[in-house]
Amino acid sequence: MEKNIVVIEGDGIGPEVTRQSVKVLNTIAEQFGHTFHYTYCLMGADAIDKTGNPLPDETIEACLNSDAILFGAIGHPKYDNDPTAKVRPEQGLLKLRKSLQLFANIRPVTTYASLHHLSPLKTKNIEGVDFVIFRELTGGIYFGKKEVNEERTQASDDCVYTREEIERVSHLAFQYAQQRRKKLTLVDKANVLETSRLWRKVVQEIAAQYADVAVDFLFVDNAAMQIILNPKQFDVVLTENMFGDIISDEASVISGSLGLLPSASIGKGAALFEPIHGSYPQAAGKDIANPLGSILSAAMLLDHLGLAKEAALVREAAEWTLSNSFVTKDIDPVNFYFTSTIGELICDYVSNRVPGGINKANIELRKSTII
Ligand SMILES: NC(=O)C1=CN([C@@H]2O[C@H](COP(=O)(O)OP(=O)(O)OC[C@H]3O[C@@H](n4cnc5c(N)ncnc54)[C@H](O)[C@@H]3O)[C@@H](O)[C@H]2O)C=CC1
Ligand SMILES: CC(C)CC(=O)C(=O)O
Ligand SMILES: [Mg+2]
């Protein structure tokens, strides 16, 4: 199979985690006889530095002409700490999502037996947790009209949703639930927000078309608690843009680290794959960030290309690293391996196909020589 993949490394840890995913995709290509052509594009603070624009037109153009997009992360403290900056890295990502009409962001939350002991949550509450957050991605408060007065004493962000925006992501979420445990939870704030009441009404109507899916409704404040208290109750969680952004970072605590969670953004054609974390600037260039969120996003990319066997092998390799304690600093702050070593180990596993073929002594050597 021959495919064109756009790679947007972005800022902070974006480049170092994305490079591990490209290594893994290349190993998959070698093992299975595929050819992946990569086009590298700019976005975020890096793009502002080089072009003055957080999302150059060439990036949109390349993405529209690609089979899939692999994205790292954007964002830089010089903008986070300057609330008056008019041009900002995040504008690039929001505009890309809108331009490509990536209206559904799928964020799976799973747990790994070898990491249970690291969670601040009780093992009995998290073992077997397996749910998916369907986050609406191109509407709501992140895209509403923004205003600030001249004196900067008052500001507003409008939250707008149309019926059509709610319907299209809801149908995808219901269909996803049909393939899983047939339960869908809408998370909203319908006791206060008009947009949430529209969400609830539309989802109630759509539910009639999916009689085999059990639907329930949770206010977002309660949902934030339930995700920590009893995460096993969830199968598919459907929610608007900002609530999905917030509860998915929260849900990563169940898995063990924000660095573990992948995502797929889909919509009207293009498809983009990115870890759910940001640019983690404190770790940039240190080779300590967890690359698994990105590598598991690459697995979702492979699934999207119809390469299910390949995707499964990448997931198996990722699980193999975790269960053999080949983990980054976020998972084990004392005995940790570097970002690049985890990438290499996953490539080794993918090419050898059997864990017995990997020489543990060499891995220990790689760890100690780098430290
Ligand atoms: N999709 C994107 O590109 C996103 C960009 N951002 C941007 O990223 C910048 C930093 O934002 P933060 O709020 O600090 O969020 P962040 O997600 O970059 O980091 C928050 C914390 O999560 C942990 N973490 C994140 N990624 C990790 C990884 N791969 N391995 C190990 N630990 C990891 C670290 O403890 C870190 O301090 C900001 O400029 C923000 O706007 C934030 C979220 C998403
Ligand atoms: C720029 C932000 C909306 C990115 C973010 O936090 C996310 O997509 O998770
Ligand atoms: Mg986020």
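Only the coordinates and a few stated rules stand behind these numbers; no lab work does. The model shown is predicted, which means the values in this text are computed figures rather than measured ones. Cβ placement follows ideal geometry from the backbone for every residue including glycine, while neighbour counts extend to all protein chains displayed.
Return the calculated 222 nm mean residue ellipticity for the chain, to the nearest 500 deg cm²/dmol, obtained by summing -39500 (n - 2.57) across DSSP H runs with n ≥ 4 and dividing by the residue count.
So the calculated ellipticity at 222 nm is -13500 deg cm²/dmol.
Of the beta bridges DSSP finds with both residues in segment 120-255, what % are antiparallel, to the nearest 5? Mind showing how you got there, number by number?
Details: 3 of 17 bridges.
About 20 percent, rounded to the nearest 5.
Count the lysine pairs in segment 120-255 whose Cα atoms lie under 15 Å apart, taking only pairs 8 or more positions apart in sequence or on different chains. Can you show the working numbers first?
Working: Lys122/Lys232; Lys124/Lys232; Lys182/Lys232; Lys183/Lys232; Lys189/Lys201.
The number of close lysine pairs in segment 120-255 is 5.
So, in nm, how far is label Met225 from label Glu147 when the simple model puts each one 7 Å beyond its Cα toward the Cβ?
3.6 nm
For segment 156-228 and segment 310-324, what is the separation of their Cα centres, given in Å?
32 Å
Where does the chain land on the Kirkwood hydrodynamic radius, alpha-carbon pairs, in angstrom? Display every interim value, and only then the final one.
Details: mean 1/r = 0.0469 Å⁻¹.
Kirkwood hydrodynamic radius for the chain: 21.3 Å.
As I understand it, the dipole of the chain uses +1 on the Cβ of Lys and Arg and -1 on the Cβ of Asp and Glu, about the Cα centre. Which of Met225, Ile166, Asn53 lies farthest toward its positive end?
Result: Met225, furthest along the dipole toward the positive end.
Can you give me the long-range amide H partners of Thr185? Hydrogens built in the peptide plane at 1.01 Å from N, cutoff under 5 Å, separation of 5 or more residues or another chain.
Under 5 Å from the amide H of Thr185 lie the amide H atoms of Asp216, Asp235, Val236, Val237, Leu238, each far enough along the sequence or on another chain.
Taking 0.36 nm per residue of separation and subtracting the Cα-Cα distance, what length does fully extending Asn65 through Lys182 add? Write down the numbers at each step before the final one.
Numbers: separation 117, 0.36 × 117 = 42.12 nm, distance 3.50 nm.
Length difference between fully extended and current span is 38.6 nm.
If you stretched the chain out fully between Lys122 and Gln31, how much longer would it get, using 0.36 nm times the residue separation minus the C-alpha to C-alpha distance? Spell out each step's value before the answer.
Numbers: separation 91, 0.36 × 91 = 32.76 nm, distance 3.98 nm.
So the chain would gain 28.8 nm between Lys122 and Gln31.
Quick one: Met43, Met300, fewest Cβ neighbours within 10 Å first, how do they rank?
Values: Met43 29, Met300 22.
Ascending number of Cβ neighbours within 10 Å: Met300, Met43.
Quote to one decimal, in nm, the extra length available between Glu167 and Glu316 on full extension: 0.36 nm per residue of separation minus the C-alpha distance between them. Spell out each step's value before the answer.
Values: separation 149, 0.36 × 149 = 53.64 nm, distance 3.48 nm.
Difference between extended and current length: 50.2 nm.
Treating only the Cβ atoms of Lys and Arg (+1) and Asp and Glu (-1) as charged, compute the dipole magnitude of the chain about its Cα centre; round to the nearest 20 debye. Each step should come with its number before you reach the end.
Details: 37 positive and 47 negative charges, 139 e Å.
It comes to approximately 660 debye.
In sequence order, what are the phi-derived ³J(HN,Hα) couplings for segment 136-144 according to the Karplus relation 6.51 cos²θ - 1.76 cosθ + 1.60 with θ = phi - 60°, rounded to whole Hz, with x for glycine and proline?
Karplus-based 3J(HN,Hα) across segment 136-144 equals 5, 10, 10, x, x, 5, 5, 10, x Hz.
Can you work out ³J(HN,Hα) from phi for every residue in segment 55-64, in order, using Karplus 6.51 cos²θ - 1.76 cosθ + 1.60 and θ = phi - 60°, giving whole Hz and x for Gly and Pro?
For segment 55-64, the Karplus curve yields 9, x, 4, 4, 5, 4, 4, 4, 4, 5 Hz.
Using a ≥ b ≥ c from the Cα gyration tensor of segment 120-255 (square roots of the eigenvalues), is it rounded, prolate or oblate, where a/c under 1.5 gives rounded and otherwise the larger of a/b and b/c decides, a/b for prolate?
On the way: a/c = 2.44, a/b = 1.35, b/c = 1.81.
Judged from the Cα gyration tensor, segment 120-255 comes out oblate (a/c at least 1.5, b/c at or above a/b).
Within the chain, which is the longest segment containing none of the GluC sites (Glu not before Pro) that sit in a DSSP loop and have at most 13 other Cβ atoms within 10 Å? Walk me through the numbers on the way to the answer.
Numbers: sites that count: Glu127, Glu150, Glu151.
Answer from the scan: 152-371.
Could you give the dipole magnitude of segment 1-154 about its Cα centre, charging the beta-carbon of Lys and Arg +1 and that of Asp and Glu -1, in debye to the nearest 20? It would help to have the intermediate numbers written out before the result.
Values: 17 positive and 20 negative charges, 90 e Å.
Charge dipole, segment 1-154, about its Cα centre: 440 debye, nearest 20.
Loop-only check: which trypsin sites (Lys or Arg not before Pro) in segment 40-126 are DSSP coil with at most 12 other Cβ within 10 angstrom? Working shown, then result.
Values: sites: Lys50, Lys78, Lys86, Lys95, Arg97, Lys98, Lys122, Lys124; in loops: Lys86, Lys122.
Answer by residue number: Lys86, Lys122.
Calculate how many DSSP beta bridges within the chain are antiparallel, expressed in % of all such bridges and rounded to the nearest 5. Please list the in-between numbers first.
On the way: 16 of 43 bridges.
Among the beta bridges of the chain, antiparallel pairing accounts for roughly 35 percent.
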